[in-house]
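Chemist: Let me begin by handing over the structure; questions about it come next.
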Amino acid sequence: MVEMQGPSLPDPELLKVLRTMALGRAVDERCMNLQRQGRLGFYVPLEGQEAAQVGCGWALEKGDWVCPAYRELAVALTRGVPLPLILNQLYGNEGDLSKGRQMPNHYGFRDYRFVSASSPIGTQIIHAVGLAYASRYKGEKVVAVPFFGDGATSSTDFHSGMNFAGVYKAPVVFFCQNNQWAISLPREKQTLSSTLAVKANAYGFPGVQIDGNDFHSVYRAVREARARALRGEGPTLIEAVTYRMGPHSTSDDPRRYRTPAELAAWKSRDPIERLKVELVGRGVLSEADFETMQEEVRAEIQSAIQEAEKLGPPAAPSIFDDVWQNPPPNLEDQRREFEEFVKEGVVRP
Amino acid sequence: MTELTLIQGVNQALHQAMKKDPDVLCLGEDIGVNGGVFRATDGLQKEFGEQRVLDTPLNESGIVGMAVGMALYGLKPVAEIQFLDFIYPAFDQIVSELAKLRYRSGGQFPAHVVIRTPYGGGIRGGLYHSQSTEQLFASTPGLKVVIPSTPADAKGLLLTAIFDEDPVLFMEPKRIYRTATGEVPDGDHRVPFGKARIVREGTDVSVFAYGAMVPTAFQACQVLEKTGIHAELIDLRTLVPLDIDAVVRSVEKTGRAVIVHEAPKFCGFGAELAAILAEKALYSLKAPIARVTGYDTPFPYTLENLYLPSVDRIGRAIQRTVTAG
Ligand SMILES: Cc1ncc(C[n+]2csc(CCOP(=O)(O)OP(=O)(O)O)c2C)c(N)n1
Ligand SMILES: [Mg+2]
């Protein structure tokens, strides 16, 4: 592991970092509860991965592309996506930019170059290579960053993405959050490779394993990889070693496959606690300040939830929109039939 | 107008599209230096350079996935899959990503990729260089499926595909790459999607075909003409969007339908055509609908000519349909 020492950013900025991490954690806690209360259909928590996500997001510039999986809520927050837009997607309501088409956590925000996520594991990794290639072709100095898990390193498109990026020296920063688990499969059963980072060797570019629970290490590694990519030296694979403290999703019960002792050991390495202790230690923040910060983010979330719950579902005929730019006649027939059904009361939106 | 082969029509469309718009890029296996194993991309890399004509590693999921990324940016990539038979590693990228991006993002992230791929039998290619599996793609919402049968359509439909806004699977009938010849307009020739072509008019029976089956079905119609049967032959050109009006109108006129394709019969595209006719033209039908297709087996090697719909098999089906009922 590459250990990096000392703060990576000035203290006022680190306070913002801490707040973003705390916001991500607090959204998580609320959403897990909302799901249990039946107010949200489903939720994928990121608890434990805040430093990895905020650290990587913080190191990127405005024009950079993010190709997320489904766990990247704190990346979206770091990119500046307003919390209400995120909540609207979770609720699939009429304010959802994706028009209620996807399960919770499958966000897409064009204005933030945060590409629409899908469920199939790994497919976004190669998209980042195409985006990076296209950006360079058009003369933009930006990178593309696919986010993926340890499990995804076994997927087809991890291979295609790594291989293509190497061949074309595409400005890509491959960001793997090794959170130790792919649902119930532990990291050591995913691959016999000694690390995930070492896989980069076979593709001809560097792979680095870093402490993914240390904001500074993540931030520095991504900055470095980004600079390298923009110098035309090609991609880097970053393996951020972290831990998924919660269940895989609200449909999962991790007690079936992992021990309380393991969880406890990782809880002692909590990324938020770690940054907080550092800032308190340097006198940048008091325990009371942190409490205030927590209250602020909870209030922010509360009002966003209230707003999201006021919104209704997307308009019924919108299920026929956006399949094609120019839809074929059979779909137009179905839309007309549907509108008649609504008129006749056969279906009640 | 210039007399070209079908593959020259493809090549000319690619040249003209790349010349017209710097956002058009081509990528695929062996398409650059080698000009493609069938030479469809001959001369492109020389003219437009390696930045725009990419020889890719051997990975179909990578080719389509990379094209999706380029299209997300706003480029107009044209990906080549060397044979339709090798598209399955990319099936996930096509079905889960390419076809769904516009919908799943509420219109925020459309991805317009054209995938060109040679398909079909009759070239002694065995199981893995011969298949026609258009139905797998035609039943995927969000994709367009286009199959030309003439050089002019190859050029005109491909240019339309490249400057369309939806993802297109462009299937090229490789058996007639060089045997289909004809006059092709020299300029920016565009053939609209969703407009079937009446290859020959007739009054007794409607024959529906596409791609490499069009010339075979045409021959069958010509033979039958001598026996007094006036068959109408319709080249569908685009399966998605389908020219439903043209299909229904023809059968309303003739009262009889014969559907021809190379793909296996069971759940083939002909099943959709037959269902449409049952829904929209049942009272015009004077005889059962006939389908002349490949068999419900994998594609054979030595006996491929027995597998593929032939002039005789199509002719017999037409004759029976005309005399039935
Ligand atoms: C291709 C595919 N296979 C299986 C699944 C079901 N599935 C969803 S998440 C997951 C585990 C992914 O693990 P990892 O890549 O480590 O990401 P993490 O969930 O830990 O963030 C699986 C098997 C899927 N979504 N896609
Ligand atoms: Mg994992």
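Chemist: I want the antiparallel fraction of DSSP beta bridges within the protein assembly as shown, as a percent rounded to 5.
Modeler: Counting DSSP beta bridges with both partners in the protein assembly as shown, the antiparallel share is about 20 percent.
Chemist: What is the distance in Å between the Cα centroid of the stretch B:108-177 and that of the stretch B:3-41?
Modeler: Answer, in whole Å: 14.
Chemist: Another one. List the lysines whose alpha-carbon lies under 21 Å from that of A:LYS189, not counting same-chain residues fewer than 8 positions away?
Modeler: Filter leaves A:LYS199.
Chemist: Now, a different point. Once you treat every alpha carbon in the stretch A:133-187 as an equal point and sum by Debye, what is log10 I(q)/I(0) at q = 0.19, 0.26, 0.29 Å⁻¹?
Modeler: Treating every Cα as an identical point scatterer, log10 I(q)/I(0) equals -0.70, -1.02, -1.14.
Chemist: On each of the three principal axes of the Cα atoms of the stretch A:1-119, give max minus min coordinate, whole Å, ordered largest first.
Modeler: 44, 31, 28
Chemist: Now for a different question. Along the stretch B:20-29, what does the Karplus equation 6.51 cos²θ - 1.76 cosθ + 1.60 (θ = phi - 60°) give for ³J(HN,Hα), rounded to whole Hz, x for Gly and Pro?
Modeler: 6, 9, x, 7, 8, 10, 10, 8, x, 7
Chemist: For the stretch A:335-349, just list the computed ³J(HN,Hα) in residue order, Karplus coefficients 6.51, -1.76 and 1.60, θ = phi - 60°, integers in Hz, with x standing in for Gly and Pro.
Modeler: 5, 4, 4, 4, 5, 5, 4, 5, 4, 7, x, 5, 10, 10, x
Chemist: Averaged across the residues of B:233-243, what count of C-beta atoms belonging to other chains lies within 10 Å of each residue's C-beta?
Modeler: Mean shielding by partner chains, rounded to a whole number: 2.
Chemist: Using only alpha carbons, build the gyration tensor for the protein assembly as shown and give me the equivalent ellipsoid semi-axes, biggest first, whole Å.
Modeler: Each semi-axis is √(5λ); the values are 53, 28, 20 Å.
Chemist: Across peptide A:96-108, how many C-beta atoms of other chains are within 10 Å of each residue C-beta, on average?
Modeler: Partner-chain Cβ atoms within 10 Å, mean over residues of A:96-108: 3.
Chemist: In addition: How would A:TYR203, A:TYR243, B:TYR210 line up from fewest to most surrounding beta-carbon atoms within 10 angstrom?
Modeler: A:TYR203, A:TYR243, B:TYR210
Chemist: If I model chain B as equal point scatterers sitting on the Cα atoms and use the Debye formula, what is log10 I(q)/I(0) at q = 0.10 Å⁻¹?
Modeler: Treating every Cα as an identical point scatterer, log10 I(q)/I(0) equals -0.55.
Chemist: So what is the calculated 222 nm ellipticity per residue for chain B, using -39500 (n - 2.57) for each DSSP H run with n of 4 or more, over all residues, to the nearest 500 deg cm²/dmol?
Modeler: One gets -9500 deg cm²/dmol as the mean residue ellipticity at 222 nm.
Chemist: Peptides A:188-197, B:251-260: what's the order by average Cβ count within 10 Å, highest mean first?
Modeler: B:251-260, A:188-197
Chemist: HN-Hα J couplings of the stretch A:153-166 from phi, Karplus 6.51/-1.76/1.60, θ = phi - 60°, integer Hz, Gly and Pro as x?
Modeler: Ordered by residue, 3J(HN,Hα) equals 5, 8, 7, 3, 7, 5, 4, 4, x, 4, 5, 5, 4, x Hz.
Chemist: Measure nothing but the geometry: give the 0 to 90° angle between the long axis through the Cα atoms of B:60-73 and the longest principal axis through the Cα atoms of chain B, rounded to 10°.
Modeler: 70 degrees
Chemist: List the trypsin sites (Lys or Arg not before Pro) within the stretch A:56-105 that fall in a DSSP loop (any state other than H, G, I, E or B) and whose Cβ has at most 12 other Cβ atoms within 10 Å.
Modeler: Filter output for the stretch A:56-105: A:LYS62.
Chemist: List the residues, sorted by chain then number, that are 5 or more residues from B:VAL199 or on another chain and whose placed amide H is less than 5 Å from its amide H.
Modeler: Those qualifying (amide H under 5 Å, at least 5 residues apart or on another chain) are B:LEU233, B:ILE234, B:ASP235.
Chemist: May I pose another question? May I ask you to derive the relative contact order of the stretch A:194-347, considering only C-alpha pairs under 8 Å and at least 6 residues apart, and to give it as an integer percent?
Modeler: Here the relative contact order equals 15 percent.
Chemist: Also, quick follow-up: Report the net charge of residues surrounding A:GLY95, where surrounding means a beta-carbon distance below 14 angstrom and charges are Lys +1, Arg +1, Asp -1, Glu -1.
Modeler: Local net charge: -1.
Chemist: Still on this structure, please answer the following. Return a whole-number percent for the relative contact order of the stretch B:2-184, with Cα pairs under 8 Å and 6 or more residues apart as the contact set.
Modeler: The value is 28 percent.
Chemist: Who wins for biggest fluctuation among B:LEU233, B:LEU44, B:LEU224 in a Gaussian network model of chain B, springs between alpha carbons below 10 Å?
Modeler: Its mean-square fluctuation being the largest, the pick is B:LEU224.
Chemist: With an 8 Å cut-off on Cα pairs and a minimum separation of 6 or more residues, tell me the relative contact order of chain A in percent.
Modeler: 22 percent
Chemist: How large, in Å, is the stretch B:2-184 by the Kirkwood hydrodynamic radius built from its alpha-carbon pairs?
Modeler: Hydrodynamic radius (Kirkwood, Cα pairs) of the stretch B:2-184 is 16.1 Å.
Chemist: For the stretch B:221-247 and the stretch A:67-110, write down the distance between their C-alpha centroids in whole Å.
Modeler: If we compute the Cα centre of each part, the gap is 49 Å.
Chemist: Among A:ARG335, A:ARG282, A:ARG258, determine the one that fluctuates most according to a GNM of chain A built with springs between C-alpha atoms less than 10 Å apart.
Modeler: Checking each option, the largest mean-square fluctuation is seen for A:ARG335.
Chemist: On to the next question. Collect residues whose amide H, placed 1.01 Å from N in the peptide plane, falls under 5 Å from the amide H of B:VAL292; neighbours closer than 5 in sequence don't count.
Modeler: B:ILE259, B:VAL260, B:HIS261
Chemist: List every residue whose amide H lies under 5 Å from the amide H of B:SER149, counting only residues 5 or more places away in sequence or on a different chain, with H placed 1.01 Å from N in the peptide plane.
Modeler: B:ALA154, B:GLY211
Where a number appears in this text, it was derived from the coordinates with a stated rule and is not lab data. In this text, all values refer to a predicted model and were calculated from it rather than measured experimentally. Glycine also receives a Cβ, built like all others from the backbone with ideal geometry; neighbour counts cover every protein chain displayed.
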